[in-house]
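The structure under discussion appears below in the form of structure tokens.
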Amino acid sequence: MTDHYAKAQSAADHIRTYADITPAIGIILGSGLGHFASHVESPIRIPYADIPHFPKSTVEGHSGHLVLGHIAGVPVAVLQGRAHLYEGHSPADVIFPTRVLGLLGCKTLIVTNAAGAISPHLNPGVLVAISDHINFTGINAALGPNEPRFGQRFFDMSAAYSRRLRGLAIEEAARHEFLLTEGVYLAVLGPSFETPAEIRAFRTLGADLVGMSTVHEVIAARHMNIEVLGLSLVTNMAAGVTPAGAEESEQTINHEEVIETGKQTEKQLASLLTALIPRIAKQN
Ligand code: HPA
């Protein structure tokens, strides 16, 4: 038994002592999006610090609680905040909560994040369904000895972000009268935001969005054969990008702006997720 598996098991066992819930869907909330957890019915809030081996997020805007409960009758486990590589967490730490969600029984993972827009056709405040990713962090969190109880040594990433779940999300967004577009998410290590030259390079590579998270959690989820929906909230235009039709302006990027835009779009995200979750559960 690898150490990672035993540790994830002991975290899952500990979480089960709080509630007799087998979550069908795991939800990871990114920067400024943690408030969605308030939509969980009869919530049981467990601080990460109380869960064995769970990494603690040190970033502002990440509250650091696992919330167990129901949304529209569906059992869920919501992670309010995540660990990032740029905080100094190891790749194994970054995917630890995803491993635990898998062991708790989640068949679907919804990952959310705050992202910068590389595509000039996106705007701050817009939600995007991630269609695919480019892992530009220089590392892969599934690195190291393989644990067959999680999955196979080599695993497919050709449909990492479920087309089916994306389709449902786009349909539900339309029902809520907003447009959910699709885009390719490129992950960097951070913590510095990018230079304009880097963003131009990433655009050439085919990226629409840039951020500092998500890809490793998705790699771990696919390793465990968990179906993934990824949603990015555009909090800012990436460095040097002017929105289509806007005057060029000197702009800088800061974390406060990321948090503030996240808070403003939370309502939209919340109505989308609360409508989507029962539909996903019904089809599983
Ligand atoms: N770059 C990287 N990560 C981000 C950004 C960005 O512009 N905005 C929010 N997260």
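Compared with the dominant principal axis of the Cα atoms in the chain, helix 3-16 is inclined by about 80°. Largest accessible area first, the listed residues 93, 3 line up as 3, 93 when surface is computed with a 1.4 Å probe on the assembled protein chains. Residues in the stretch 4-54 average 43 Å² of solvent-accessible surface per residue, probe 1.4 Å, ligands and nucleic acids excluded.
Each residue, residue 13 and residue 49, gets one label point 7 Å from its Cα in the Cβ direction; the gap between the two is 2.5 nm. Lys-Lys pairs in the chain that are eight or more residues apart or on separate chains and whose Cα atoms lie under 24 Å of each other come to 5. 3J(HN,Hα) along the stretch 197-211, derived from phi through the Karplus expression 6.51 cos²θ - 1.76 cosθ + 1.60 where θ = phi - 60°, amounts to 5, 5, 5, 4, 5, 5, 5, 4, 6, x, 8, 9, 9, 10, x Hz, with x in place of Gly and Pro. Taking a Cβ cut-off of under 12 Å around residue 39, the surrounding Lys, Arg, Asp and Glu residues balance to a net charge of -1, with basic ones at +1 and acidic ones at -1. Taken one residue at a time, the phi angles of the stretch 168-181 give Karplus couplings (6.51, -1.76, 1.60, θ = phi - 60°) of 4, 5, 5, 4, 5, 4, 4, 4, 8, 6, 9, 8, 9, 8 Hz. Gly and Pro are set to x. Rounded to the nearest 10 degrees, the inclination of helix 91-104 to the longest alpha-carbon principal axis of the chain is 50 degrees.
For the stretch 172-273, what % of the accessible area comes from carbon and sulfur atoms, probe 1.4 Å? Mind showing how you got there, number by number?
Working: 2320 of 4630 Å².
Ligands and nucleic acids excluded, carbon and sulfur give 50 percent.
By accessible area, using a 1.4 Å probe on protein heavy atoms only, the stretch 4-72 has 52% of its surface on carbon and sulfur.
Applied to the stretch 237-244, the Karplus parametrisation 6.51 cos²θ - 1.76 cosθ + 1.60 on θ = phi - 60° returns per-residue 3J(HN,Hα) values of 6, 5, 3, x, 9, 9, x, 3 Hz, with x for Gly and Pro.
If the viscosity is 1.002 mPa s and the temperature 20 °C, what translational diffusion coefficient in µm²/s does Stokes-Einstein give for the chain when Rh comes from Kirkwood over Cα pairs? Intermediate values should be presented prior to the final figure.
Numbers: Rh = 18.8 Å.
Reported coefficient: 114 µm²/s.
Rounded to the nearest 20 debye, the dipole magnitude of the chain is 960 debye, with +1 charges on Lys and Arg beta carbons, -1 on Asp and Glu beta carbons, and the Cα centre as origin.
Accessible surface comparison of 171, 266, probe 1.4 Å, protein chains only, largest first: the order is 171, 266.
Highest GNM mean-square fluctuation among 197, 142, 37, for the chain modelled with Cα contacts below 10 Å: 197. Taking amide H as placed 1.01 Å from N in the peptide plane, the amide H of residue 238 sits under 5 Å from that of 117, 118, each at least 5 places away or on another chain. Between residue 228 and 109, 162, the built amide H atoms are under 5 Å apart, and every one of these is 5 or more places off in sequence or on another chain.
Using a 1.4 Å probe, what is the accessible area per residue for the stretch 116-250, in Å²? Don't jump to the answer; show the numbers that get you there.
Values: 6280 Å² over 135 residues.
It amounts to 47 Å² per residue over the stretch 116-250.
Result for the chain in a Gaussian network model with C-alpha springs under 10 Å: among 116, 190, 144, the largest mean-square fluctuation is at 144.
The values are calculated or read from the model by the stated rules, or taken from the named source; none is laboratory data. Keep in mind the model is a prediction, meaning the values are calculated, not measured. Every residue, glycine as well, gets a Cβ built from its backbone with ideal geometry; the counts of neighbours run over all protein chains shown. Only protein heavy atoms, including side chains, enter the accessible area calculation; ligands, DNA and RNA are left aside. Shrake-Rupley method; radii C 1.70, N 1.55, O 1.52, S 1.80 Å.
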